[in-house]
Amino acid sequence: MAARRPIIAGNWKMHKTPEEAKELVTAIAAGMAGKSFGCEVVVAPPFTSITSAVAAAAGTPIGVAGQNVYWEDEGAFTGEISGGMLKSAGCSFVIIGHSERRQYFGETNETVRRRIEAAVRWNLVPIFCLGETLEEREAGETFNVIRSELTEGLRGVRPDDPLRFVIAYEPVWAIGTGRTASPEQAQEVHAFLRREIGGLLGEGFAERMRILYGGSVKASNAKALMACEDIDGGLVGGASLNAEDFLGIIREGS
Ligand code: 13P
């Protein structure tokens, strides 16, 4: 594998109260204490639990991510959260364009692009999610869909630090279904993504940035996925909600 440090990120989605977030981060930190892992570890609690996750993560190697960010810095935008707010709450990462946002909340490539721009401006590391649906895969459209999500999401965005820009390939059919992409299927898309990013942002950038895989990652399949040349870690949903399961993936991904 190239010299890219993997990232294991837990997307908690709409789970965990502040008290539960504190417990979970504390348990993950305890499982990591005294050992050195080859990967970066990130958790993404819901907004209301960010502060307690950040407090519990203080002095540990665990980073905290928001699950979304709005592109304006402040104003009359009920229900939205700005990059500055995430930053001052202690986040260093932010998930953008998750398929659940695209499916249920009207997120488009253009809104994703604007959010990525805001994240870069606030020096938050975006975890830019993209991926095809089952219908798109079966229609042979996977690479076209990925290319357009990537190109449109990055239009006019020029991140300059490859270590502070992350993409997550999450095939929609593998999310929460127990149906993981095979390492070959995932590697094929990751290699394609890296080539496309090379064309957009330069080969040196593409070589150094991390591309995560997401979709039913568990300790039992993490090793085979992470062993693929272009897979640099995982974005984990269900299995990140329990410290033992998540620690199992951290061990396999290191
Ligand atoms: P699961 O790991 O539950 O399939 O969710 C993946 C995901 O959507 C992470 O963002």
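The values are calculated or read from the model by the stated rules, or taken from the named source; none is laboratory data. Owing to the predicted nature of the structure, the values given are computational and were not obtained by experimental measurement. Using ideal geometry, Cβ is built from the backbone for each residue, glycine included, and neighbour counts are taken over all protein chains shown. In case anyone asks, the SASA skips ligands and DNA or RNA and just uses the protein heavy atoms, side chains included. Shrake-Rupley method; radii C 1.70, N 1.55, O 1.52, S 1.80 Å.
Is one or more of the residues making up the range 11-23 in contact with a helix residue (DSSP H, G or I) (Cβ under 6 Å, 6 or more places away or on another chain), in contact (Cβ under 8 Å) with a residue 24 or more places away in the chain and within 28 Å of Glu132 (Cβ to Cβ)? Write out each step before concluding.
To start, the set of residues in the range 11-23 that are in contact with a helix residue (DSSP H, G or I) (Cβ under 6 Å, 6 or more places away or on another chain) comprises 16, 18, 21-22.
With the extra rule that they be in contact (Cβ under 8 Å) with a residue 24 or more places away in the chain, the set shrinks to 16, 18, 21-22.
Checking which are within 28 Å of Glu132 (Cβ to Cβ) leaves us with none.
There is no residue in the range 11-23 that is in contact with a helix residue (DSSP H, G or I) (Cβ under 6 Å, 6 or more places away or on another chain), in contact (Cβ under 8 Å) with a residue 24 or more places away in the chain and within 28 Å of Glu132 (Cβ to Cβ).
Would you check which residues across the range 139-160 are crowded, with 18+ Cβ neighbours inside 10 Å, touching an Asp or Glu at 6+ places or on another chain (Cβ under 7 Å) and assigned to a loop (DSSP other than H, G, I, E, B) and list them?
Selection gives Val157 alone.
Do we find that Val125 is surrounded by 21 or more Cβ atoms within 10 Å (Cβ to Cβ) and either within 18 Å of the chain's Cα centre (by Cα) or away from the ligand (no atom under 16 Å from the Cβ) (or both) in this structure? Spell out the reasoning first.
Values: surrounded by 21 or more Cβ atoms within 10 Å (Cβ to Cβ): yes; either within 18 Å of the chain's Cα centre (by Cα) or away from the ligand (no atom under 16 Å from the Cβ) (or both): yes.
Yes, satisfied.
Quick one: is Phe105 exposed (fewer than 14 other Cβ atoms within 10 Å of the Cβ) and either touching an Asp or Glu at 6+ places or on another chain (Cβ under 8 Å) or under 21 Å from Pro171 (Cβ atoms) (or both)? Quick ask: steps written out before the conclusion?
Numbers: exposed (fewer than 14 other Cβ atoms within 10 Å of the Cβ): yes; either touching an Asp or Glu at 6+ places or on another chain (Cβ under 8 Å) or under 21 Å from Pro171 (Cβ atoms) (or both): yes.
The answer is yes for Phe105.
Going through the range 85-102 one residue at a time, which ones are within 11 Å of the ligand (Cβ to nearest atom) and open to solvent by 30 Å² or more (accessible area, probe 1.4 Å)? Steps first, please.
Initial filter on the range 85-102 (within 11 Å of the ligand (Cβ to nearest atom)): 95, 97-101.
Those that are within 11 Å of the ligand (Cβ to nearest atom) and open to solvent by 30 Å² or more (accessible area, probe 1.4 Å): Glu100, Arg101.
Across the range 161-188, what is the number of residues that are of a type outside the set (S, T, N, Q), in a loop (DSSP other than H, G, I, E, B), farther than 27 Å from Trp122 by Cβ and open to solvent by 40 Å² or more (accessible area, probe 1.4 Å)?
3
Would you mind listing the helices (runs of 4 or more DSSP H) fully within the range 189-254 where at least 1 residues are within 12 Å of the ligand (Cβ to nearest atom) and small (Gly, Ala, Ser)?
Answer list for the range 189-254: 219-226.
Scan the range 26-53 and report the pairs whose first residue is open to solvent by 60 Å² or more (accessible area, probe 1.4 Å) and whose second residue is modelled with pLDDT of 95 or more and in a loop (DSSP other than H, G, I, E, B), with Cβ atoms within less than 8 Å and a gap of 6+ or a chain change.
The qualifying pairs are Ala33/Thr60; Phe47/Gln67; Phe47/Ile81; Thr48/Thr17; Thr51/Gly90.
Within the range 59-77, how many residues turn out to be open to solvent by 80 Å² or more (accessible area, probe 1.4 Å) and either small (Gly, Ala, Ser) or within 14 Å of the chain's Cα centre (by Cα) (or both)?
Count: 2.
Is there any pair with a first residue in the range 228-247 that is farther than 16 Å from Gly131 by Cα and open to solvent by less than 10 Å² (accessible area, probe 1.4 Å) and a second that is within 8 Å of the ligand (Cβ to nearest atom) and not in a strand (DSSP E or B) whose Cβ atoms are under 7 Å apart and which are 6 or more apart or on different chains, and what are they?
These pairs meet every condition: Phe246/Ala239; Phe246/Ser240.
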